[in-house]
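Chemist: Encoded as structure tokens, here's the structure I'll be asking about.
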Amino acid sequence: MPLADILDRIAREEARVGRAPGSTRLVAVSKVQPVERVVAVLEQGQRLFGENKVQ
């Protein structure tokens, strides 16, 4: 699913439950993902990533 679609879905859910627009942050988990996939979401604007240890 493209990052833009995920962010749109988050925005719709924020509105549905009455949260302030933009108040939800998406943490992308890059563990065991190929570097190409991580670079792709970086290029789409994702900046917050979560890891439990350096790979």
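Chemist: In the stretch 1-37, how many are of a type in the set (Val, Ile, Thr), over 11 Å from the mean Cα position of the chain (by Cα) and part of a loop (DSSP other than H, G, I, E, B)?
Modeler: Within the stretch 1-37, the subset of a type in the set (Val, Ile, Thr) is 6, 10, 17, 24, 27, 29, 32, 35.
In the following step, the residues that additionally are over 11 Å from the mean Cα position of the chain (by Cα) were identified as 17, 32, 35.
Now narrow it down to the ones that are part of a loop (DSSP other than H, G, I, E, B): 32.
Number satisfying all stated conditions: 1.
Chemist: Of all residues being polar (S, T, N, Q) and at pLDDT below 95 in the stretch 40-55, which is farthest from Arg25 (Cα to Cα)? Just the residue, please.
Modeler: This residue is Gln55.
The values are calculated or read from the model by the stated rules, or taken from the named source; none is laboratory data. Note that this is a predicted model, so its numbers are computed, not measured.
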